[in-house]
1. Length gain on complete extension for the stretch residue 197 to residue 284, per 0.36 nm per residue less the alpha carbon to alpha carbon distance?
2. Determine the sum of side-chain charges near residue 122: Lys and Arg each +1, Asp and Glu each -1, restricted to other residues whose C-beta is under 14 angstrom from that of residue 122.
3. Starting from the Cα gyration tensor of region 189-288, multiply each eigenvalue by 5, take the square root, and state the resulting semi-axes largest first in whole Å.
4. For the pair residue 300/residue 175, report the inter-label distance in nm, with labels modelled 7 Å from Cα in the Cβ direction.
5. Which value in nm describes the separation of the simple spin-label points at residue 121 and residue 219, placed 7 Å from the Cα toward the beta carbon?
Amino acid sequence: MNAEPTESPTPRDRDGQAVVASADTAAADHPSPVAARPPRRFSRRRFLGEAATAGAGVAAAGVLGKGLLQHPAVLAAGPTTKQASNQTKATHQWAMVIDLRYCNGCKLCTTACQAAHYLREDQTWIDVFPMRNAAGQSYFMPRPCMMCEDPPCVPVCPVSANFRTAEGLTLVDQSRCIGTRICMNSCPYQARYFNWKAPRTAPRQPFPQEPGWPVPQVQGTVGKCVFCAAMLPSGKLPECISHCPMGALYMGDLESDVAVNGIGNTVKLSKFLKDNDAVKFKESYGTHPRVFYILGHGQDLDLDAGGA
């Protein structure tokens, strides 16, 4: 990202309390998923109840079980009638909303992600960049994977290691990846990382090692943000969202039209985006990202963050 570093003020939460901004200190606060505070849950009952209030009907069903039916290894075997039906209509359509008005650059989202996925320091699946707009004003911009509806990283992979689930998540099958890094070159958001070194040693994980929970990473393959996909079916927010003290990050479901953040705010997604004139990063590229940004500092993401 071609952005000028800026001197940031002491980060504070919405109540005005100081927040630790040092990445090193934050990492010490969250040395591992066990030591970190438990991820915030958004119960299906509450989630679906809010959706009903918003006028949206949703069936309570699992996410990844259906989404992974679009994995090339499964598709190669030929879908059953039930699988084909599930691919046509998914229960959820995941999205993320990032409210730049509240991001203070503390990078707790970054360190929480690295701790949960046992990533090395150079693996910043969600990173926070200091930015300046055309008027010289500074702000912070978190950048995860954009989960594009038309991801350029998928068709270029020669071994079909990249795939998109029925719920709108772009994932990497590291058991297939051969490390060509073509997908990295094709990503206009620079949201992919090559595992040059052996991964950090990880204890026994709550989920199997799979595209939805690629822990530990595999040396010689490409890794990226996965929206903590394996956590979503059990009603847990992604680590970056549950650890954001400002509530700047929201997990949204386009099907139920609901979004929630890590401090307990629940909004009707479509109204929240419309009322706040939400935009997408580099929308002119035609990738149709599933990450929405709410501005507030007069910035133009396509121009300001052109090198992201």
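1. Working: separation 87, 0.36 × 87 = 31.32 nm, distance 3.48 nm.
Difference between extended and current length: 27.8 nm.
2. Every neighbour counted, the sum reads +3.
3. Numbers: eigenvalues 164, 70, 28 Å².
Computed over region 189-288, the values are 29, 19, 12 Å.
4. Each label point lies 7 Å from its Cα, and together they span 4.8 nm.
5. 1.9
Where a number appears in this text, it was derived from the coordinates with a stated rule and is not lab data. Computed from a predicted structure; not experimentally measured. Methodologically, a virtual Cβ is constructed for each residue, glycine included, from the backbone with ideal geometry; neighbour enumeration extends over all protein chains shown.
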